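Presented below is the structure to which this report refers.
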Amino acid sequence: MSSRTHDLPLAFWETNLEELDGEIARLAMLCDIRILEPGAVQRVLQKDASLCGTDNPIAFAKLRGLLMMHLAIREKSVDVFGPATTARVEDYVIDRLKKRFPQLKGE
């Protein structure tokens, strides 16, 4: 298998993660959550709505569901591409999100 053929599925995963993470970022903004701060994702997964700056239970529930989906996709990506490649894709997506949504980083 050539490197070029192998990159096609990787690009698919990268694009899908970027779209999913973009929606996670939008929902985090609706809830006024700085999702990129340490511990924020874990608190959302634990249904801790106290970190929300805005009361929006529908957006919070969607945010939690999309975070769970992201984790499932990440697990599958590790199975297919390995942890190192998956980490590189995640770093790339997170860097792009930080540029698109700087308010998610916090102070």
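The values are calculated or read from the model by the stated rules, or taken from the named source; none is laboratory data. These numbers come from a predicted model, not from an experiment. Reconstructed Cβ throughout: ideal geometry from the backbone, glycine too, with neighbour counts over all protein chains shown. Remember, those area values only see protein heavy atoms, side chains included, never the ligands or the DNA or RNA. Shrake-Rupley method; radii C 1.70, N 1.55, O 1.52, S 1.80 Å.
If the chain between L71 and R100 were fully stretched, how many nm would it gain, using 0.36 nm times the residue separation less the Cα-Cα distance?
Full extension of this stretch gives 8.3 nm more.
If you take the beta carbon distance between L30 and A87 as r and set R0 to 30 Å, what does 1/(1 + (r/R0)^6) give as a FRET efficiency, to the nearest 0.05?
0.60
Tell me, what is the 1.4 Å probe accessible area of R100, in Å² to the nearest 10?
110 Å²
Output ³J(HN,Hα) for segment 42-49: one whole-Hz value per residue in order, computed from phi by the Karplus curve 6.51 cos²θ - 1.76 cosθ + 1.60 with θ = phi - 60°, and x for Gly and Pro.
Per-residue couplings from phi come out as 4, 5, 5, 4, 8, 6, 8, 6 Hz.
Can you give the angle from 0 to 90° between the axis of helix 83-100 and the longest principal axis of the chain, with both taken from C-alpha atoms, to the nearest 10?
Long axis of 83-100 versus the principal axis of the chain: about 50 degrees.
Within segment 54-85, which residues have the backbone N less than 19 Å from the label spot 7 Å out from F12 along Cα→beta-carbon, could you tell me?
70-83, 85
Mean-square fluctuation check for the chain, GNM, Cα pairs under 10 Å: which of I33, I24, I73 is largest?
Comparing I33, I24, I73 in the GNM, the peak value goes to I73.
I want to verify the translational diffusion coefficient of the chain in µm²/s; compute it with Stokes-Einstein, Rh as the Kirkwood radius over Cα pairs, at 10 °C and 1.306 mPa s.
Values: Rh = 14.5 Å.
Once the numbers are plugged in, D ends up at 110 µm²/s.
³J(HN,Hα) across segment 62-73 via Karplus (A = 6.51, B = -1.76, C = 1.60, θ = phi - 60°), whole Hz, x for Gly/Pro?
3J(HN,Hα) across segment 62-73, in whole Hz: 5, 4, 4, x, 5, 5, 5, 5, 4, 5, 5, 5.
Helix 3-31 versus the longest principal axis of the chain: what angle, 0 to 90°, nearest 10, using Cα atoms?
The helix 3-31 is inclined about 0 degrees to the chain.
Using the Kirkwood formula over every pair of different C-alpha atoms, what hydrodynamic radius in Å results for segment 53-107?
In segment 53-107 this quantity evaluates to 13.0 Å.
Using a 1.4 angstrom probe and counting only protein chains, how large is the accessible area of K62 in Å², to 10?
Number for this one is 120 Å².
What residues have an amide H closer than 5 Å to that of I35, excluding those fewer than 5 places away on the same chain, when H is modeled at 1.01 Å from N in the peptide plane?
none
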